[in-house]
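What follows is a set of notes on a single structure, which appears directly below.
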Amino acid sequence: MGYMEKYNEWLNSPYFDEKTKQELLSIKDNDKEIEDRFYRELEFGTAGLRGIVEAGTNRMNEYVVRKASYGLAKYFSKHYSDAKSRGIVIAHDNRNMSREFCMVAAQTIAATGLKVYYFNDLRTTPMLSFSVRNLNCVGGIVITASHNPPKYNGYKVYGENGAQVMPDVAKAILNEIDNINDFSEIPKYEEKNCSDLMVLLGSDIDDKFLEAVKANIIRDDVINQFSSDFKVIYTPLCGTGRVPVLRVLKDCGFENAFVVPEEEMPDPNFAGIKTPNPEESVALARGIELLKEKDADILIATDPDCDRVGVAVKNSAGEIELLTGNQIGGLLTEYIISGLKEKNRLPENACMIKTVVTSEFGADIAKSFDVDVVSILTGFKFMGEKITQYEKDNSKSFIMGYEESYGYLVGTQCRDKDGVVATLLISEMALYYRSKGQTLYEALLSLYEKYGYYREKTISIMLEGKEGGEKIARIMTHLRNSNLKEISNKKVVELLDFEKGVEGFTKSNVLKYVLEDGSWVALRPSGTEPKIKVYIGTKDSVDNMAIEKVSEIEEYFLREINAVN
């Protein structure tokens with residue numbers, strides 16, 4: 001069925017409500033818009049669904065959510081004999097339609113006979129991950145589009161281990177969704193006597209999660225002694241982090257936590273922030289002003305679903321420095337491992353996990369402590385898989401893991417990025433260094449002096465719509481066919497093509513080049529946004545040389561990419 005036929009089906013079928021039809025009628029003369037909304041089903045990737053909230057098969061709306069939820073319920077029912085009794089837990093963030101999508105998903109799944117747990121209000125993504133295992137569910141869903149612009153929403157699926165589902169499971173779920181040929185076959189909650197399958201969760205599960213987070217504190221003695229005049233500026237960026245983050249900071253002794261007032265309360269439009277991404281300085285602008293006004297020690301920001309964390313601190317001259325995800329990860333690696341060692345809490349078989357596009361900064365620090373480093377593909381689902389494996393076979397003890405895109409996990413209370421525990425440990429770390437007479441930025445420079453200067457850059461090239469997706473595919477094909485032997489006058493000593501297969505890794509559309517001087521560059525289409533990402537990492541004993549190497553590699557690959565029509 002072509003896109004115009006699908007469009008007309010939505011216009012004429014009695015299944016779709018009048019509001020949806022009116023929205024679709026408003027674009028009847030815009031063939032390009034109709035094509036973009038209906039040329040495909042919204043892709044169910046390895047992170048689930050993510051798209052603009054509008055009518056259409058290639059958009060996020062209640063019909064797409066209903067269909068996905070029915071397919072998901074069918075998958076779990078087929079693969080778990082006890083799926084009905086164990087059930088699924090659902091959480092949501094503060095975005096437009098998040099509560100509505102949550103209830104559509106919950107009621108659709110309950111109508112199939114599965115128990116459904118849901119919350120009375122918004123919750124963080126790490127809270128959902130924790131709840132799957134705590135409630136012994138077969139899976140979970142969180143309605144969120146993370147740090148995307150306000151017009152987006154999404155639907156992330158979790159397995160029984162509390163991690164996002166692996167690619168093979170996502171593919172099997174997609175098959176179930178694709179086999180739903182008619183919306184009318186989806187069972188209706190209103191026609192089923194299943195309200196008893198809907199279980200509203202109380203605050204006790206929040207308490208359990210926060211207690212698990214607080215167990216990761218390392219130097220409570222330092223907090224007790226020095227926290228009285230330590231000031232933290234925090235912003236949840238109008239999202240889900242406010243309640244759990246402020247509570248855990250206060251419970252652990254950080255009494256002087258100030259929230260950016262304009263960004264404190266949930267807001268689907270993020271107080272005018274175009275993209276509520278703590279990686280970007282524009283999202284931290286108000287927080288930085290409050291940091292200066294309060295003469296505070298640190299600014300910490302979490303994205304709307306509270307799984308990513310951004311940090312701003314002052315340097316020795318009092319100027320504001322935004323730390324990158326790789327820098328935060330390196331600092332946390334040294335602080336956590338050295339702290340656990342100092343407290344005699346570092347297991348003999350300790351390991352940290354990083355992604356293949358993350359700097360070697362933290363990895364080299366971990367290795368200096370004889371802590372094993374495990375590399376995974378991009379995506380915390382792969383980290384969750386490793387943690388689950390290690391718990392089963394006792395081969396390693398996971399202590400922490402992170403990725404360059406500002407996602408960190410300390411401890412095993414959940415199987416996804418956790419902005420709550422990261423905020424707590426970053427605050428503790430900054431306080432510890434201040435007790436030693438250093439700012440967090442000065443601590444970073446000390447690590448660079450000790451281990452070398454690591455510099456990285458991530459370039460995101462947005463290519464939206466059908467044409468954009470096709471160009472991304474052409475770019476990756478072009479690079480594979482080019483068989484590059486040299487990049488920026490440096491020999492390529494290793495090419496890892498994860499799509500063709502690399503031992504120990506699931507196949508994935510990722511290319512990584514390792515150069516003779518230890519520099520590296522990786523390319524991958526984003527799994528959640530319409531863009532291709534280029535990751536660059538270098539190291540040198542001289543900082544300016546490391547920075548120059550990044551620029552040279554960036555220029556080289558931008559030329560390669562721009563040459564593709």
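The values are calculated or read from the model by the stated rules, or taken from the named source; none is laboratory data. Everything quoted here is computed from the prediction, not taken from an experiment. Methodologically, a virtual Cβ is constructed for each residue, glycine included, from the backbone with ideal geometry; neighbour enumeration extends over all protein chains shown.
Quick check: anything in the range 125-134 crowded, with 24+ Cβ neighbours inside 10 Å, touching a residue at least 24 places away in the same chain (Cβ under 8 Å) and part of a loop (DSSP other than H, G, I, E, B)?
The answer is no, given that none of the residues of the range 125-134 is crowded, with 24+ Cβ neighbours inside 10 Å, touching a residue at least 24 places away in the same chain (Cβ under 8 Å) and part of a loop (DSSP other than H, G, I, E, B).
When you look at residue 305, is it closer than 23 Å to residue 122 by Cβ and in contact (Cβ under 8 Å) with a residue 40 or more places away in the chain, yes or no?
yes
Within the range 338-374, track down each residue that is without any contact (Cβ under 8 Å) to a residue 40 or more places away in the chain, more than 20 Å from the chain's Cα centre (by Cα) and part of a strand (DSSP E or B).
Selection gives 372, 373.
Part of a strand (DSSP E or B), among the hydroxyl-bearing types (Ser, Thr, Tyr) and either assigned by TED's automatic domain parsing to the domain that holds residue 462 or more than 30 Å from residue 51 (Cα to Cα) (or both) - does that describe any residue in the range 520-542? Don't jump to the end; show me each part of the working.
The first filter runs over the range 520-542 and keeps only residues part of a strand (DSSP E or B), leaving 520-525, 531-540.
Next, from what is left, pick out any that are among the hydroxyl-bearing types (Ser, Thr, Tyr): 535, 538.
Adding the requirement that they be either assigned by TED's automatic domain parsing to the domain that holds residue 462 or more than 30 Å from residue 51 (Cα to Cα) (or both) leaves 535, 538.
Within the range 520-542, one or more residues are part of a strand (DSSP E or B), among the hydroxyl-bearing types (Ser, Thr, Tyr) and either assigned by TED's automatic domain parsing to the domain that holds residue 462 or more than 30 Å from residue 51 (Cα to Cα) (or both).
Could you run through the range 454-464 and say how many residues are more than 28 Å from residue 361 (Cβ to Cβ) and either among the β-branched types (Val, Ile, Thr) or loosely packed, with under 15 Cβ neighbours inside 10 Å (or both)?
1
Return the pair list, or none, for Cβ contacts closer than 8 Å from residues in the range 477-496 that are at positive phi to residues that are assigned to a strand (DSSP E or B), at least 6 apart or on different chains.
Correct list of pairs: 488/515.
Tell me which residues, restricted to the range 534-565, are modelled with pLDDT under 95 and either at positive phi or touching a Lys or Arg at 6+ places or on another chain (Cβ under 7 Å) (or both).
Of everything in the range 534-565, just one residue is modelled with pLDDT under 95 and either at positive phi or touching a Lys or Arg at 6+ places or on another chain (Cβ under 7 Å) (or both), namely 564.
Residues of the range 411-435 being buried (at least 24 other Cβ atoms within 10 Å of the Cβ) and farther than 16 Å from residue 300 by Cα, which ones?
Listed by number, the residues that qualify are 413, 414, 415, 416.
Given the range 406-506, what strands (runs of 3 or more DSSP E) lie entirely inside it while holding 1 or more residues that are among the charged types (D, E, K, R) and not assigned by TED's automatic domain parsing to the domain that holds residue 314? Let's see the steps before the verdict.
On the way: elements: 407-410, 453-462, 490-497.
By residue number, 453-462, 490-497.
Taking the range 280-305 on its own, how many of its residues are under 22 Å from residue 431 (Cα atoms) and either surrounded by fewer than 21 Cβ atoms within 10 Å (Cβ to Cβ) or not β-branched (Val, Ile, Thr) (or both)?
Of the residues in the range 280-305, 14 are under 22 Å from residue 431 (Cα atoms) and either surrounded by fewer than 21 Cβ atoms within 10 Å (Cβ to Cβ) or not β-branched (Val, Ile, Thr) (or both).
Check residue 141 against each of (1) under 27 Å from residue 399 (Cα atoms); (2) touching a strand residue (DSSP E or B) at 6+ places or on another chain (Cβ under 9 Å); (3) outside the structural domain of residue 270 (by TED's automatic domain parsing); (4) part of a loop (DSSP other than H, G, I, E, B) and name the one condition it does not meet.
(4)
From 132, 116, which residue is β-branched (Val, Ile, Thr) and in contact with an Asp or Glu (Cβ under 8 Å, 6 or more places away or on another chain)? Break it down stepwise before answering.
Numbers: 116 fails: in contact with an Asp or Glu (Cβ under 8 Å, 6 or more places away or on another chain).
Answer to the selection: 132.
How about the range 95-105: which of its residues are in contact with a Ser or Thr (Cβ under 8 Å, 6 or more places away or on another chain) and surrounded by 24 or more Cβ atoms within 10 Å (Cβ to Cβ)? Working first, answer last.
Of the range 95-105, the ones in contact with a Ser or Thr (Cβ under 8 Å, 6 or more places away or on another chain) are 95, 98, 104-105.
The answer is 95, 98, 105.
Of everything in the range 251-270, what is in contact with a strand residue (DSSP E or B) (Cβ under 7 Å, 6 or more places away or on another chain) and within 20 Å of residue 429 (Cβ to Cβ)? Give them in sequence order. It would help to see each step written out before you state the result.
Within the range 251-270, the first condition is being in contact with a strand residue (DSSP E or B) (Cβ under 7 Å, 6 or more places away or on another chain), and the residues that meet it are 254, 256-260, 263.
Answer for the range 251-270, where residues must be in contact with a strand residue (DSSP E or B) (Cβ under 7 Å, 6 or more places away or on another chain) and within 20 Å of residue 429 (Cβ to Cβ): 254, 256, 257, 258.
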